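Notes to accompany the following structure.
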Amino acid sequence: MNELRFFVDERKCIRCGACVRDCPAQILKFDATQHPAMVEDGAKSCIRCQHCLAVCPSGAISILGRDPMDSQRAGAEPAPEAMLAQIKMRRTCRNYRKEAVDADTLHKLLGMLDWVPTGVNNHSLDFAVVDDPAVMDEIRAEVNDRVLAMMKMDPLPPFAARMERYRKQILAGRDVIFRGAPHLIAVSSKADSPCPEIDPVIALSYFELYAQTLGVGTTWCGLAAGAFKVFPKLRQRIGVPDGYELGYVMLFGPTSLKYPRATQPGKVRLHSVK
Ligand SMILES: Cc1cc2nc3c(=O)[nH]c(=O)nc-3n(C[C@H](O)[C@H](O)[C@H](O)COP(=O)(O)O)c2cc1C
């Protein structure tokens with residue numbers, strides 16, 4: 001056994017070769033008895049995706065110390081119609097109840113994040129979660145103060161010109177950036193990870209869809225992301241680690257609105273490549 005603890009239970013292995021065919025790094029081969037084995041130095045190329053464990057029909061493969069019997073089993077996935085309905089019914093929430101998401105729901109939501117895909121299976125994202133609405137209120141006030149102070153600068157930074165209408169709304173006491181949300185989640189990626197721009201966006205897309213199945217509203221928040229990107233002190237406040245870059249921010253919380261029907265968007269531009 002090597003450092004990856006790749007182990008084949010030969011009593012269970014049916015020698016079908018699914019693991020050999022599916023390994024993205026192609027570091028599995030058949031040994032003399034037609035059981036899978038890792039090639040010499042294979043560990044160096046392994047991206048730790050666990051496809052070998054997941055694809056094995058008889059649960060014969062273990063890697064990284066994981067017992068295949070502890071894995072979620074296929075069969076409980078939503079039907080395609082249910083999945084499509086969920087995608088159609090997803091809405092941006094701007095009507096939050098002034099209360100925290102209950103602990104059990106929050107635990108489920110954050111637990112899901114272990115499964116979001118990342119480029120080259122890198123999984124180095126950092127998730128900053130404001131789980132306490134009182135802390136959210138502090139951050140809300142801090143962001144609004146900084147935006148208002150920025151709007152007094154002379155000359156204004158170029159992007160600030162577009163913020164004038166938000167300044168007016170903040171001064172009128174409207175929570176135009178955070179929409180009254182009791183929580184936020186900010187995702188940062190390691191600057192030197194393989195896909196630093198896209199990984200945070202994928203994570204939040206999964207977060208949003210799953211949250212809404214749990215009755216939790218979500219808002220992609222470009223305004224908050226912009227504020228956190230502009231002000232280093234705000235990134236410090238939410239604990240973005242050194243060497244990480246903030247990707248995006250999503251607000252979330254119990255919602256006070258239900259949508260009885262979906263929208264009817266226009267058709268996307270689509271063309272078939274010949
Ligand atoms: C990348 C991105 C950034 C967004 N930023 C904000 C924002 O800062 N504030 C806000 O209220 N909505 C924001 N939205 C929500 C969009 O305005 C929203 O998707 C649009 O109103 C359509 O509503 P729907 O999501 O319910 O279909 C953002 C959406 C995306 C995808």
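Which loop-located GluC sites (Glu not before Pro) does region 187-274 contain, where loop means any DSSP state but H, G, I, E or B and the Cβ has at most 12 other Cβ atoms within 10 Å?
Loop-located and lightly packed - 197.
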### Query
What ranking of 105, 92 emerges when the number of other C-beta atoms within 10 Å of each C-beta is taken as an exposure proxy, fewest first?
92, 105
### Query
Of 98/267; 44/229; 152/258; 108/190, which sit over 29 Å apart, Cα to Cα?
98/267; 44/229; 152/258
### Query
Just how far, in whole angstrom, is region 88-165 from region 10-76 if you go by their alpha carbon centroids?
39 Å
### Query
Can you pull out the chymotrypsin sites (Phe, Trp or Tyr not before Pro) in region 76-154 that DSSP calls coil and that have at most 12 other Cβ atoms within 10 Å?
none
### Query
For the chain, what size does the Cα cloud have along each of its three principal axes, sorted from largest down, in whole Å?
75, 50, 43
### Task
Would you order 192, 126, 242 from fewest to most other beta-carbon atoms within 10 Å of each residue's own beta-carbon?
242, 192, 126
### Query
Which length gain, in nm to one decimal place, applies between residue 209 and residue 32 when the Cα-Cα distance is subtracted from 0.36 nm times their residue separation?
59.1 nm
### Query
Rounded to the nearest 0.05, what FRET efficiency is calculated for residue 121 and residue 81 with R0 set to 35 Å and r the Cβ-Cβ distance?
0.70
### Task
At a Cα cut-off below 20 Å, give the aspartates and glutamates reachable from residue 233, other chains included and same-chain residues fewer than 8 away excluded.
126, 131, 132, 137, 138, 142, 145, 242, 245
### Query
What does the charge dipole of region 98-250 about its Cα centre add up to, to the nearest 20 debye, if the Cβ of each Lys and Arg holds +1 and the Cβ of each Asp and Glu holds -1?
760 debye
### Query
Order of 269, 237 from fewest to most other C-beta atoms within 10 Å?
269, 237
### Message
Run lengths n ≥ 4 of DSSP H only: what is the helix-derived mean residue ellipticity at 222 nm for the chain, with -39500 (n - 2.57) per run over all residues, to the nearest 500?
### Response
-9000 deg cm²/dmol
### Summary
Cysteines of the chain without any disulfide-compatible partner (other Cys Cβ under 4.7 Å) are 13, 16, 23, 46, 49, 56, 93, 195, 221
### Message
So if each residue of separation counts as 0.36 nm, and I subtract the Cα-Cα distance between residue 262 and residue 14, what length gain in nm does that give?
### Response
84.5 nm
### Task
With label points built 7 Å along Cα→Cβ from the Cα atoms of residue 74 and residue 171, find their separation and express it in nm.
6.1 nm
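Values quoted throughout were computed directly from the atomic coordinates according to the rules given, and no laboratory measurement underlies them. Note that the structure is predicted; figures quoted are calculated from it, not measured. Don't worry about glycine lacking a Cβ; one is built from the backbone with ideal geometry, like all the others, and counts go over all protein chains shown.
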